[in-house]
Structures are given as C-alpha cells and as structure tokens.
Amino acid sequence: MKQLIRVQSVVPLENHKVIITFEDKTQKELDLSPYLHGPIFEVIRKDNKVFQTMKIEDGTIVWENGADIDPDVLYYGLTPAWMEEPQIAK
C-alpha cells in the first residue's frame, strides 16, 4: 500500500507550474495544467493572479473558491480523474 503523502509547501511559477515540497522532503516541479479541469478550475486556469493565490490546507493545495488537488495524485504522478475512462457497469 502506498503511503499517504501531504504537501508541505508550494511555490507558484508561471504557466500553471509549481515547485512542491512534500512532507517527506521530496521536491518536484510540476505543471498543474492537466489537473485544472472542470468548472471549478476555470478562473484558476484563465487568470494567473488567481492561480498564484494557492495555499496549503491540511496538506493539500487549495484555492479560495474551494478547488483543490489531491496531493497523492501529484506525488505519485497519477492520471487526473477527468482523464480516466468511465467504468461501464456490467
């Protein structure tokens, strides 16, 4: 089982990129563009000033409008939920 990892700090850069430091001291430069999908992320995607207002709450990157990104997805490089194919019930 994978360990749950939380974000310790984040530094927003340009073009939806960030430098994230996780609780285990791993540091990654990531492009958050693939994760900024859907209506709640629209203003974050379109306005760099809003994108830059991100903060850390409970180990997760969040914005004032309630948008957040699962830190485990970022740490483990998982596919964003919106890109996963829906499971067809049998």
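The values are calculated or read from the model by the stated rules, or taken from the named source; none is laboratory data. It should be emphasised that the depicted structure is a prediction, and the values quoted were computed from it without experimental measurement. Cβ sites come from the backbone with ideal geometry, for glycine too, and all protein chains shown count toward neighbours.
Of the conditions (1) at pLDDT below 95; (2) more than 14 Å from the chain's Cα centre (by Cα), Tyr35 clears all except one; give me its number.
(2)
Just one of (1) surrounded by fewer than 17 Cβ atoms within 10 Å (Cβ to Cβ); (2) in contact with an Asp or Glu (Cβ under 9 Å, 6 or more places away or on another chain) trips up Ile20, so point out which.
The failed condition is (1).
Which condition number in (1) in contact (Cβ under 8 Å) with a residue 12 or more places away in the chain; (2) over 10 Å from the mean Cα position of the chain (by Cα) is the one that Glu57 fails?
(1)
What pairs come out if I take residues in the range 13-35 that are under 18 Å from Lys49 (Cα atoms) and pair them with residues that are part of a strand (DSSP E or B) and of a type in the set (Asp, Glu) whose C-beta lies under 7 Å away, six or more apart or interchain?
His16/Asp31; Lys17/Glu29; Lys17/Asp31; Ile19/Glu29
Taking only the range 1-10 into account, find how many residues are at pLDDT 95 or above and either buried (at least 16 other Cβ atoms within 10 Å of the Cβ) or more than 15 Å from Ile69 (Cβ to Cβ) (or both). Walk me through it before giving the result.
Pass one, the range 1-10, residues at pLDDT 95 or above: 6-10.
Then drop every residue that is not either buried (at least 16 other Cβ atoms within 10 Å of the Cβ) or more than 15 Å from Ile69 (Cβ to Cβ) (or both), which leaves 7-8, 10.
Count: 3.
Out of all the residues in the range 75-85, is one or more surrounded by 13 or more Cβ atoms within 10 Å (Cβ to Cβ), at pLDDT 95 or above and not hydroxyl-bearing (Ser, Thr, Tyr)?
For the range 75-85, residues surrounded by 13 or more Cβ atoms within 10 Å (Cβ to Cβ), at pLDDT 95 or above and not hydroxyl-bearing (Ser, Thr, Tyr): absent.
Please work out which one of (1) modelled with pLDDT of 95 or more; (2) among the hydrophobic types (A, V, I, L, M, F, W, C); (3) more than 11 Å from the chain's Cα centre (by Cα) is the condition Ala89 fails and give its number.
The one condition Ala89 does not meet is (1).
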